[in-house]
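Student: Shown below is the structure under consideration.
The values are calculated or read from the model by the stated rules, or taken from the named source; none is laboratory data. Note that the coordinates shown come from a computational prediction; the quantities given were computed from them, not determined experimentally. All Cβ positions, glycine included, derive from the backbone under ideal geometry; neighbour counts span all protein chains shown. Each accessible area value is taken on the protein alone, full model and side chains, heavy atoms only, with ligands, DNA and RNA left out. Shrake-Rupley method; radii C 1.70, N 1.55, O 1.52, S 1.80 Å.
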Amino acid sequence: QVQLVESGGGLVQAGGSLRLSCAASKLTFSSYAMGWFRQAPGKEREFVADISRSGGITDYADAVKGRFTISRDNAENTVYLQMNSLKPEDTAVYYCTATLRPYSRASYEYTYWGQGTQVTVSS
């Protein structure tokens, strides 16, 4: 059974940084584009960033562009989300996800999802 396991969430002050990791198992990692989505309380899940199979193409939501960086290590079956200059509005549960599409901002195009990791940014 495919597993995506996120880690690295926590509580941080505004302006701080966190690095999320997502370890994948039981899938051919290099065949999947990977994405990060987030969901804040009372809000819909939203796209944060995605990365192509090779890592050569990345895409970011406007709200995080310039502050977040997505990367992947295909040898380690892991995708990362480096989050800098965090803001209180970044508070959400962050989900790692995988798609066979080359890349996508649409949640319905993602097949596998992790359980999520909580990120809380205090002001």
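Student: Taking amide H atoms as placed 1.01 Å from N in the peptide plane, list the residues 5 or more away in sequence, or in a different chain, whose amide H sits under 5 Å from that of residue 48.
Tutor: Close amide H contacts, sequence-distant or interchain: 36, 37, 38.
Student: Roll a 1.4 Å probe over the protein chains and send me the accessible area per residue for region 1-100 in Å².
Tutor: 48
Student: Given a 10 angstrom Cα cut-off, can you work out which residue in 14, 49, 24 is the most mobile in a GNM of the chain?
Tutor: 14
Student: Describe numerically, in nm with one decimal, the distance between label points set 7 Å from Cα along Cα→Cβ at residue 61 and at residue 82.
Tutor: 2.1
Student: What length, rounded to one decimal in nm, is gained on full extension from residue 69 through to residue 105, with 0.36 nm per residue of separation minus their alpha-carbon distance?
Tutor: 11.4 nm
Student: Work out the FRET efficiency for residue 46 and residue 118 from their Cβ-Cβ distance, taking R0 = 22 Å, and round it to the nearest 0.05.
Tutor: So, using R0 = 22 Å, E works out to roughly 0.90.
Student: With charges set only on the Cβ (+1 for Lys and Arg, -1 for Asp and Glu), what does the dipole of region 40-106 come to about its Cα centre, in debye to the nearest 20? Let's see the in-between values first.
Tutor: Values: 9 positive and 9 negative charges, 20 e Å.
Dipole about the Cα centre, nearest 20: 100 debye.
Student: Using a 1.4 angstrom probe and counting only protein chains, how large is the accessible area of residue 100 in Å², to 10?
Tutor: Roll a 1.4 Å probe over it and residue 100 shows about 100 Å².
Student: Here's another thing I want to ask about it. Counting only the heavy atoms of the protein chains, how much of residue 89 is accessible to a 1.4 Å probe, in Å² to the nearest 10?
Tutor: Spelled out: residue 89, probe radius 1.4 Å, area about 120 Å².
Student: Let me ask something else. Round to a whole number: what % of the accessible area of region 3-123 belongs to carbon and sulfur, probe 1.4 Å?
Tutor: It is 46 percent, rounded to a whole number.
Student: Taking the Cα centre of the chain as origin, work out the dipole magnitude from +1 charges on Lys and Arg Cβ and -1 charges on Asp and Glu Cβ, in debye rounded to 20.
Tutor: Working: 12 positive and 11 negative charges, 10 e Å.
The calculated dipole for the chain is roughly 40 debye.
Student: Taking the Cβ of residue 40 as the centre, find all other residues whose Cβ is under 11 Å away and add up their charges (Lys, Arg: +1; Asp, Glu: -1).
Tutor: -1
Student: Only sites in a loop by DSSP and with at most 14 other Cβ atoms within 10 Å count here; which trypsin sites (Lys or Arg not before Pro) in region 43-123 make the cut?
Tutor: 43, 65
Student: Hey, what do the phi angles of region 33-41 turn into as Karplus ³J(HN,Hα) couplings, whole Hz, using 6.51/-1.76/1.60 and θ = phi - 60°, x for Gly and Pro?
Tutor: Along region 33-41, the couplings run 6, 10, x, 10, 10, 9, 9, 8, x Hz.
Student: What ³J(HN,Hα) values, in whole Hz, does the Karplus curve 6.51 cos²θ - 1.76 cosθ + 1.60 give for region 8-21 when θ = phi - 60°, with x put for Gly and Pro?
Tutor: Whole-Hz 3J(HN,Hα) from phi for region 8-21: x, x, x, 9, 9, 7, 3, x, x, 10, 9, 10, 8, 10.
Student: Using the C-alpha gyration tensor of the chain, what are the square roots of 5 times its eigenvalues, in whole angstrom, with the largest one first?
Tutor: For the chain, the ellipsoid semi-axes come out as 22, 14, 14 Å.
Student: Across region 44-56, in residue order, what do the Karplus-derived ³J(HN,Hα) couplings come to in whole Hz, using 6.51 cos²θ - 1.76 cosθ + 1.60 with θ = phi - 60° and x for Gly and Pro?
Tutor: In residue order, the calculated couplings are 6, 5, 10, 5, 10, 6, 9, 9, 6, 4, 8, x, x Hz.
Student: Same structure, new question: Long-range amide H contacts for residue 87: which residues qualify at under 5 Å (H placed 1.01 Å from N, peptide plane, sequence gap of 5 or more or a different chain)?
Tutor: 15
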